[in-house]
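This report refers to the structure that appears directly beneath it.
Coordinate-derived values only; no laboratory data. What you see is a predicted model; the values in this text were computed from it and never measured. As a convention, Cβ positions derive from the backbone with ideal geometry for all residues, glycine included, and neighbour counts pool all protein chains shown.
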Amino acid sequence: MRTSTITALIAASLLASLTACGSEDPSYTVSLHSNKDGSATAYLNLPDATSDDAEAAIRDYATTINGSEWVTILVSEETGPDGKLICSATWMKDEKAAQKWGGLFKSDTWPGLDVRCPHRSQEST
């Protein structure tokens, strides 16, 4: 009986460890401003984030975009345009949308995502 209790505790401990590893998704809030022309701006609030955290949040958020052709994604420490910019990205639905919005956006796969983190080189590792 004691062996089964120890086995159960070990299994529970391993499951807790795996759950903790899988829960490292960035926690952010979103303020989305949609425009009538099919574009939108998404402000992601991610306090105390590194560039890596911000990029992960952008990539996570990009998987949820629906209904827009072009979305500018801005990650800052504060809600809205007032916070310090950590990273930004441009998301395009497809090649047709990219052509419609000026043709400068290029991607090998669609939807396309171009992430830029201007302060990445200044962060300490």
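May I ask for the net charge around Ser76, where only other residues with Cβ less than 13 Å from the Cβ of Ser76 are counted and Lys, Arg are +1 while Asp, Glu are -1?
So the surrounding residues net to -4.
How charged is the neighbourhood of Thr90? Take every other residue with its Cβ under 12 Å from the Cβ of Thr90, and add Lys/Arg as +1 and Asp/Glu as -1.
That works out to +1.
Tally Lys/Arg at +1 and Asp/Glu at -1 over every other residue whose Cβ is under 13 Å from the Cβ of Ser39; what's the total?
Cβ neighbours under 13 Å give a net charge of +1.
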